[in-house]
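Working notes, structure below.
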Amino acid sequence: MRNSLLPRTLLAALGAVSVACADVGAPTAVTSSAALAAVGEDSPPSVVTLCKIGPAGTNATFSVSATGGELRAGSTVTVAATTLEEMSTCVEIWRATDLTEETTITVTEVSATAGTKLTEVVWLTGLDGWGEGNVGTKTAVVRADWENEGLIWFKNEQVDVPPPPPPPPALAGCTPGFWRQAHHYAYWTSPYTPTTAFGSVFANAFPGLTLGEVVRLGGGGLNALGRHTVAALLNAASPDVAYGMTPAQVIAAFNAAHASGNYSAQKDVFEAANERGCTVNKTGSSSGSGGSTGGESGGGKPAHAGPPAGKGKNK
């Protein structure tokens, strides 16, 4: 008779499992026909069964290896989740093929349905009784032979998946033509004001000029880089503008361009960013306009007196 340490309740469960699992044939090898006769017809080869306990509709994939016997479902097997009460989707993963050989079976969970996590690995065998596998390595190692079968289950639980973060706001930018207007000085963000010396923030490319004066400069070359740099700085500092750069990054970019003497490349970058649409809140709700002309209007009392007018266009 089979020497089994399995309690009666689990034997019943194992019986239900064996009924649910399809019979896939006789053992592939035995020691001899005489040995089979000695065991008797009432002692078929033992099996090891694998169950996944978890939320309905989930599953897990396992790698299976053994030092002997037959891997009934191959070295990789996917098992649908069931409950401890039902055990309806368990899979027979190993069967003895030798009357005297003791076999070690190793099972590792390699993947599971997203939103679940492994919380328990338990096994019960006729050779060793109850035991717990390693949740950290997601592995169970059990022993079985012709007379002693086993059951392994991996339990997964649903985990709370946080909602995805909201999409980032669309990038925006206000032009030099917006920032240079006196009635928009109220939207300059501290510590930057129209009277702040340009050289106190950036490399001193415009000696004696303030931010408010540089943003009004006309012409190309360094002047064009300067006015778009000031606009970029104010966009980056504004709480109403999702500019995609910090003031420190704007400062570093200008200083590098100024040192290199290649003004146009960085000017083009700032100009494109400054023309993405102005979102400064001028009337209590975000404004989607704010282009490059000097005729824009905006609410709020100017915080500073206007700097001297520059020459040329402000684009």
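Just a few scattered comments:
- Among the candidates G68, G173, G115, G74, the residue that is small (G, A, S) and in the same structural domain as A232 (by TED's automatic domain parsing) is uniquely G173.
- In the stretch 42-94, the residues that are among the acidic types (D, E) and either more than 14 Å from G150 (Cβ to Cβ) or modelled with pLDDT under 95 (or both): D42, E70, E85, E86
- Single residue of the stretch 157-202 satisfying the filter (under 38 Å from the mean Cα position of the chain (by Cα) and among the charged types (D, E, K, R)) that is surrounded by the most Cβ atoms within 10 Å (Cβ to Cβ): E157
Table: residues versus (1) of a type in the set (A, V, I, L, M); (2) closer than 15 Å to T58 by Cβ; (3) out of contact with any Ser or Thr (no Cβ under 6 Å at 6 or more places or on another chain).
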{"position": "W94", "(1), (2), (3)": "no, no, yes"}
{"position": "T104", "(1), (2), (3)": "no, no, no"}
{"position": "V107", "(1), (2), (3)": "yes, no, yes"}
{"position": "E120", "(1), (2), (3)": "no, yes, yes"}
{"position": "E132", "(1), (2), (3)": "no, no, yes"}
{"position": "T137", "(1), (2), (3)": "no, no, yes"}
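- Pairs meeting the criteria (first residue in the stretch 91-111 and in the same structural domain as P44 (by TED's automatic domain parsing) and small (G, A, S), second residue assigned to a strand (DSSP E or B) and surrounded by fewer than 18 Cβ atoms within 10 Å (Cβ to Cβ), beta carbons under 8 Å, at least 6 apart or on different chains) are S111/T61.
- Of all the listed residues (A252, A231), the sole one being more than 12 Å from P176 (Cα to Cα) and at pLDDT 95 or above is A252.
The values are calculated or read from the model by the stated rules, or taken from the named source; none is laboratory data. Note that this is a predicted model, so its numbers are computed, not measured. Because the Cβ atoms are built from the backbone with ideal geometry, glycine has one as well, and the counts that use them run over all protein chains shown.
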